[in-house]
Amino acid sequence: MLQHPQWYVVRNAVKLLGEIKDPQLLKDIAPALRHSDERVQKTAIKVLHDTRLPGRAATMANALAYMKPHTAEETLTELHYMKDPASVPGLGEFIFHDSRTPPKLLMQAIGGLGAINTDDAALTLVHVIADTELDLSVRRAALIAVTRNPCEAGRRGLSQYAKDAASHDPLATEVLRALSTRKDPNATGKMAAAAAGIPVAPPAPAPIVEVEEVQSLEPTDDLPPLEPTS
């Protein structure tokens, strides 16, 4: 029934799979997530959401590249909340699948990767940074995300990118700056603000402390002369 030409037949079959608690639901519902009709996709997402099955994040992420924009947006929001490391391959595939993907959706996918503190997520973000075919704003968002990832793999990946980046790549300088400020916990926020065009206030000057003059206890030479005694 999932291969039926009528979309509503497929939708009803998906609902039935959820109601009977199909033991192989993640496998059986996967084709519906890639269905050409968005109504079928939405129904499949809802069934997965309601079942709360472990592993559903990977199933949804792997279908992102085939979803309609609105369904993809809703799915990315849920994946960001789930923070499941199993969704990393699907998020990466979605980012690199089609250069015509709206930057808004790519930003969401990057946000999902940034919420997952694993080596795979960090390295996927580095690959986004290195892809000069992507919009600069998307690559810059990946740079900000990877600097917030505590995994050492991210730092190594950035270092390698900095060595290999072309001199005319506008992001190369920002990567070097990120590497130099990575040890400063306050530097990431400043870099994110600078990347967004938000002016960063210079550090406040140290306050001037006025020191009161302390009168010397040493004897002075201008004491009045002693009167002679008889």
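Read-outs throughout are calculated quantities, based only on the coordinates presented, and are distinct from any laboratory measurement. Since this is a predicted model, take the numbers as computed values, not measurements. All Cβ positions, even for glycine, are placed from backbone atoms using ideal geometry, and neighbour counts span all protein chains on display.
Remarks
- The ranking of Glu38, Glu19 by Cβ neighbour count inside 10 Å, starting from the fewest, reads Glu19, Glu38.
- Within region 54-195: Cβ-based charge dipole about Cα centre, in debye rounded to nearest 20 (Lys, Arg +1; Asp, Glu -1): 420 debye
- Computed E for Val9/Thr51 - FRET, C-beta separation, R0 22 angstrom, nearest 0.05: 0.55
- Region 54-195 - percent relative contact order, Cα under 8 Å, separation 6 or more: 18 percent
- Simple spin-label estimate for Glu74 and Phe96 in nanometres, 7 Å along Cα-Cβ: 3.0 nm
- Virtual spin-label span in nm between Asp164 and Ala30, 7 Å along Cα→Cβ: 3.0 nm
- Cα-derived Rg to Rh of region 54-195, Kirkwood definition: 0.96
- Per residue convex hull volume, Cα atoms of region 90-161, in Å³: 70 Å³
- Here Met82, Met1 are placed in order of increasing Cβ neighbour count within 10 Å, fewest first, which gives Met1, Met82.
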